[in-house]
Amino acid sequence: MRWEFDADLFLWHGDAVSWTFLRLPLGIAEEIHDQQAGPRAGFGSVRVAVTIGSTTWRTSVFPDKPTGSFLLPIKKQVRAAEGITEGDTVTVRLELAGA
């Protein structure tokens, strides 16, 4: 399955590190949950292929228990290549890896 959506980048602060994420829309998260009914990888992650702008990469989305959605980490190389930062709204194309 493939999806396209807009989402805002946000910063999450952990133990002396900060990570940049975006949250998948709940409807898409529910479809991913439905597609991945069996056992998942570590932390309940799901492998995906992602495109933002002209940058495409493979990564995983991770369950966001408070919202029931998934979080997508946006690595520094992608943010630099696309000129995006915390608070920006980006258009994301996402598909399950191997789909």
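Proximity of backbone amide H atoms, modeled 1.01 Å from N, is registered between residue 70 and 24, 64 at under 5 Å, excluding neighbours fewer than 5 places apart on the same chain. Helical runs (DSSP H, four residues minimum) scored at -39500 (n - 2.57) apiece and divided by the length of the chain put the mean residue ellipticity at 222 nm at -4500 deg cm²/dmol. In order along region 66-74, the Karplus-derived 3J(HN,Hα) couplings, from 6.51 cos²θ - 1.76 cosθ + 1.60 at θ = phi - 60°, round to x, 9, x, 9, 10, 9, 10, x, 10 Hz, and Gly and Pro are given as x. Put a dot 7 Å past the Cα of residue 35, heading toward its Cβ, do the same for residue 18, and the two dots end up 3.2 nm apart.
Taking all Cα pairs closer than 8 Å and separated by 6 or more residues, the relative contact order of the chain comes to 41 percent. Each Lys and Arg contributes +1 and each Asp and Glu -1, all at the Cβ; summed about the Cα centre of the chain, the dipole is approximately 380 debye.
Compared with the dominant principal axis of the Cα atoms in the chain, helix 26-35 is inclined by about 40°. Kirkwood analysis of the chain, using all unique Cα-Cα pairs, places the hydrodynamic radius at 13.8 Å.
Every read-out reported here was derived from the displayed coordinates using simple, explicitly stated rules and does not represent laboratory data. These numbers were taken from a predicted model, which means no experiment stands behind them. FYI the Cβ positions are ideal-geometry reconstructions off the backbone, even for glycines, and counts take in every protein chain you see.
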